[in-house]
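A.B. asks: First the structure, then my questions, so here it is.
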Amino acid sequence: MLRLAQYLWALPYTLIGSLFTPLVLATGGRAHVLDGVLELYGPLPEFWLRRVALVPNAAAITIGHVVLARDRDALEFTRAHERAHVRQYEKWGLAFIPAYVAAGAWALAAGDGAYRGNYFEREARREAALERHPGAGSGSPDASKPLASARRTARRRMRRLGGRAVIRRR
């Protein structure tokens, strides 16, 4: 019952995100559902994410229960981060986008940058890092080592993908 409520709460944004599906498929892209999330990738999302999205050269973006990614590698690389955004949509519902914009404005005013300093992005990066390395952040002296290694790996992979890594220490 709770899962249904979460889907319904995020449904307005999911419907908007799903509007990309026929366009992505018509332009040679791919679509599949994994863990209840529609994942789309291909030439159209790649063009849009590289040139149009708010974050230049983004690898992926989440709209409700829909994730648009440049290609399969970008999708796999960003999956944990984007799933954190899915959970944020489930928690915040219609208030998510206004809250995200407000958090970006607040971060920009604080000098942290609208994207990098955004509370929702910081939380998504933290959750993704913890998912990749469950021991990180546990308070032990060695807890930051796997996270630092993950950051280096992320930067290398994103350079190969032609973008920038979004994992950053806070």
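The values are calculated or read from the model by the stated rules, or taken from the named source; none is laboratory data. In this text the structure is predicted, and so the values were computed from the model without any measurement. Cβ coordinates were reconstructed from backbone atoms using ideal geometry, including for glycine residues, and neighbour counts include every protein chain displayed.
A.B. asks: Considering the stretch 28-55 alone, what residues qualify as being under 14 Å from the mean Cα position of the chain (by Cα), at pLDDT below 90 and of a type outside the set (V, I, T)?
C.D. replies: Across the stretch 28-55, the qualifying residues are A53, L54.
A.B. asks: Turning to a different aspect of this structure: From L38, L25, which residue is aliphatic (A, V, I, L, M) and assigned to a helix (DSSP H, G or I)?
C.D. replies: L25
A.B. asks: Among A107, A95, A102, which is the only one that is without any contact (Cβ under 8 Å) to a residue 24 or more places away in the chain, under 14 Å from A10 (Cβ atoms), more than 16 Å from the chain's Cα centre (by Cα) and assigned to a helix (DSSP H, G or I)?
C.D. replies: Result: A95 is the single residue among A107, A95, A102 that is without any contact (Cβ under 8 Å) to a residue 24 or more places away in the chain, under 14 Å from A10 (Cβ atoms), more than 16 Å from the chain's Cα centre (by Cα) and assigned to a helix (DSSP H, G or I).
A.B. asks: List every residue pair whose Cβ atoms sit under 6 Å apart, with the two residues 6 or more apart in sequence or on different chains, where the first one lies in the stretch 73-92 and is under 18 Å from A103 (Cα atoms) and the second, anywhere, is of a type in the set (A, V, I, L, M) and surrounded by fewer than 21 Cβ atoms within 10 Å (Cβ to Cβ).
C.D. replies: From residues that are under 18 Å from A103 (Cα atoms), the pairs are V86/V37; W92/A99.
A.B. asks: On to the next question. Within the stretch 125-141, is even one residue in a helix (DSSP H, G or I), modelled with pLDDT of 65 or more and more than 21 Å from D73 (Cα to Cα)?
C.D. replies: The answer is no, given that none of the residues of the stretch 125-141 is in a helix (DSSP H, G or I), modelled with pLDDT of 65 or more and more than 21 Å from D73 (Cα to Cα).
A.B. asks: Against the conditions (1) surrounded by fewer than 18 Cβ atoms within 10 Å (Cβ to Cβ); (2) assigned to a helix (DSSP H, G or I); (3) among the hydroxyl-bearing types (S, T, Y); (4) modelled with pLDDT of 60 or more, where does S149 fall short? Just the number, please.
C.D. replies: (4)
A.B. asks: In the stretch 9-27, which residues are of a type in the set (A, V, I, L, M), more than 19 Å from the chain's Cα centre (by Cα) and loosely packed, with under 14 Cβ neighbours inside 10 Å?
C.D. replies: A26 - this is the single residue of the stretch 9-27 that is of a type in the set (A, V, I, L, M), more than 19 Å from the chain's Cα centre (by Cα) and loosely packed, with under 14 Cβ neighbours inside 10 Å.
A.B. asks: Now for a separate question. Only one residue in A59, A84 is under 13 Å from A124 (Cβ atoms) and touching an Asp or Glu at 6+ places or on another chain (Cβ under 7 Å). Which one? Don't jump to the end; show me each part of the working.
C.D. replies: Numbers: A59 fails: touching an Asp or Glu at 6+ places or on another chain (Cβ under 7 Å).
Of A59, A84, the one residue that is under 13 Å from A124 (Cβ atoms) and touching an Asp or Glu at 6+ places or on another chain (Cβ under 7 Å) is A84.
A.B. asks: Something else: Within the stretch 68-88, track down each residue that is closer than 18 Å to N57 by Cα and either touching a Cys at 6+ places or on another chain (Cβ under 8 Å) or in a helix (DSSP H, G or I) (or both).
C.D. replies: Passing the criteria: R72, D73, A74, L75, E76, F77, T78, R79, H81, E82.
A.B. asks: Against the conditions (1) in contact (Cβ under 8 Å) with a residue 24 or more places away in the chain; (2) of a type outside the set (G, A, S); (3) within 16 Å of G17 (Cα to Cα); (4) in contact with a strand residue (DSSP E or B) (Cβ under 7 Å, 6 or more places away or on another chain), where does I61 fall short? Just the number, please.
C.D. replies: Just one mismatch for I61, condition (1).
A.B. asks: Specify the residue that is nearest to E90 (Cα to Cα); the eligible residues are those in the stretch 21-58 that are without any contact (Cβ under 8 Å) to a residue 24 or more places away in the chain and touching a Ser or Thr at 6+ places or on another chain (Cβ under 8 Å).
C.D. replies: Per the criteria, the residue is A31.
A.B. asks: If I filter the stretch 85-101 for residues that are surrounded by fewer than 14 Cβ atoms within 10 Å (Cβ to Cβ), within 23 Å of L130 (Cβ to Cβ) and out of contact with any helix residue (DSSP H, G or I) (no Cβ under 7 Å at 6 or more places or on another chain), do I get at least one hit?
C.D. replies: Scanning the stretch 85-101, I find at least one residue that is surrounded by fewer than 14 Cβ atoms within 10 Å (Cβ to Cβ), within 23 Å of L130 (Cβ to Cβ) and out of contact with any helix residue (DSSP H, G or I) (no Cβ under 7 Å at 6 or more places or on another chain), so the answer is yes.
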